[in-house]
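The values are calculated or read from the model by the stated rules, or taken from the named source; none is laboratory data. These figures come from a predicted structure and were not determined experimentally. Every residue, glycine among them, receives a Cβ derived from its backbone with ideal geometry; neighbour counts consider all protein chains shown.
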Amino acid sequence: MTCNDYKDVHFALINRWPTHGGVNVLAAEFAHADMGWTEDAFGLGYRNAKSELTHFIWVENKSEHGPLTINALAYQNTEQLLELLALLKGQGDQVYSVSLLEPSHLQMQDLIN
């Protein structure tokens, strides 16, 4: 996923799991601007049968082996969140570390093996 996919990203952000204090910005251009401000960034995500982006992460890569910084994260349910975390875990042989803000309804410590 690249900055050109900002309309899909905006759709996923509008339809994400509502959290306490969450805000939706209605103009897709704000998502485009946020995506463009990150350096060496890329997105990873999943689409449904209708080809709609349902859950994704937007990642800033500091160097070849990280650290990766998750600047945006959107999902509709716990299963999708776990899918995104598994996607990050799968990068473990290439990336040294990942930094992200803890989702408000989950303590990441509970998931660490």
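One residue alone among 8, 34, 93 is closer than 30 Å to residue 112 by Cα, among the charged types (D, E, K, R) and in contact with a strand residue (DSSP E or B) (Cβ under 8 Å, 6 or more places away or on another chain), and that residue is 34.
Consider segment 57-95. How many of its residues are assigned to a loop (DSSP other than H, G, I, E, B) and surrounded by 11 or more Cβ atoms within 10 Å (Cβ to Cβ)? Selection size over segment 57-95: 8.
A residue that is under 12 Å from residue 9 (Cα atoms) and of a type outside the set (Lys, Arg) occurs nowhere in segment 101-111. Restricting attention to segment 96-113 and to residues that are more than 16 Å from the chain's Cα centre (by Cα) and assigned to a helix (DSSP H, G or I), the residue that is modelled with the lowest pLDDT turns out to be 111. Scanning segment 4-39 for residues that are within 16 Å of residue 55 (Cα to Cα), not in a helix (DSSP H, G or I) and not aromatic (Phe, Trp, Tyr) returns 15, 16, 18, 19, 24.
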